[in-house]
1. Taking the Cα centre of the chain as origin, work out the dipole magnitude from +1 charges on Lys and Arg Cβ and -1 charges on Asp and Glu Cβ, in debye rounded to 20.
2. List MET122, MET96 from most exposed to least, where exposure is judged by having the fewest other Cβ atoms within 10 Å.
3. Net charge around ALA143, counting only other residues with Cβ within less than 14 Å of its Cβ (Lys, Arg = +1; Asp, Glu = -1)?
4. What fraction of the Cα pairs in segment 59-114, stated in percent, has a spacing above 15 angstrom?
5. Take PHE158, PHE53 and order them by how many other Cβ atoms sit within 10 Å, fewest up front.
6. So who's got an amide H within less than 5 Å of the one on LEU29, skipping anything under 5 residues away but keeping other chains? H placed 1.01 Å off N, in plane.
7. To check my understanding: the extent here is largest minus smallest coordinate of the Cα atoms along each principal axis. What are those three numbers for the chain, in Å, largest first?
8. Note down the nm distance, to one decimal, between modelled labels 7 Å out along Cα→Cβ at ARG41 and at ALA80.
Amino acid sequence: MKRLATTLLALSLVACSSIRYAACEKLGLEKRDLLQGDVERMKDQQQETAEQFQDALTKLRTLYGSSGTDLEQRYDATKAEYEDCEKQANELQKRMDSVRTVANDLFDEWQGEIDEMGNAAMKRDSKAKLVATRKRFESLDAAMKRSEQSMKPVLKQFRDQVLYLKHNLNAEALGTLSAEVTDIDKGVAALVERMQQSMQQADTFLQHLERA
């Protein structure tokens, strides 16, 4: 049953991609154009996600300076920030998945067209550009994966804090959890750094794509 569900999901993604490509081709947009747009949007989403995680950390720090009178209000604000982090992370994941799908489809199409070429010199030149572009994308993909992996533990830490505070909304709970803010702080710092590295790789890839 699980294998069937995975197969159906894969088929649905292929169908969605095909519909998107067909619609864009009518507008004169090729897969290269789509990839460029997707990478740019993914980069913007990474920036927004990094800022959201930093905002959530700020709210969490503020919570630990709360008094009993405003504790519940500060908790609600912290919970909302966590939920925004989760939403941003999910949106970023979708952006990255779209980038990978379009990139792989572009490379498959590119290789197929090379195979159809008869001019040996043109064929070699096109092949070299494909290899270089694929290599650049592999660097970008590796950076995206690192930023993806850095989000998961921080989200889990935020979620643990929010749930524990929900169950124990008192000063004693704040004292129990405040020591863990340092770990979350380190996690967010690492996440932001990896997001920045991924955005730099995105810029490098876009520059290469314009020249290829």
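We did not get these values from a lab; they are worked out from the coordinates using the rules stated. Keep in mind that this is a model prediction, so the values were computed, not measured. FYI the Cβ positions are ideal-geometry reconstructions off the backbone, even for glycines, and counts take in every protein chain you see.
1. The dipole of the chain has a size of about 680 debye.
2. MET122, MET96
3. +3
4. Beyond 15 Å sits 65 percent of the P(r) for segment 59-114.
5. PHE158, PHE53
6. Residues meeting the amide H criterion: none.
7. 77, 38, 31
8. 2.8
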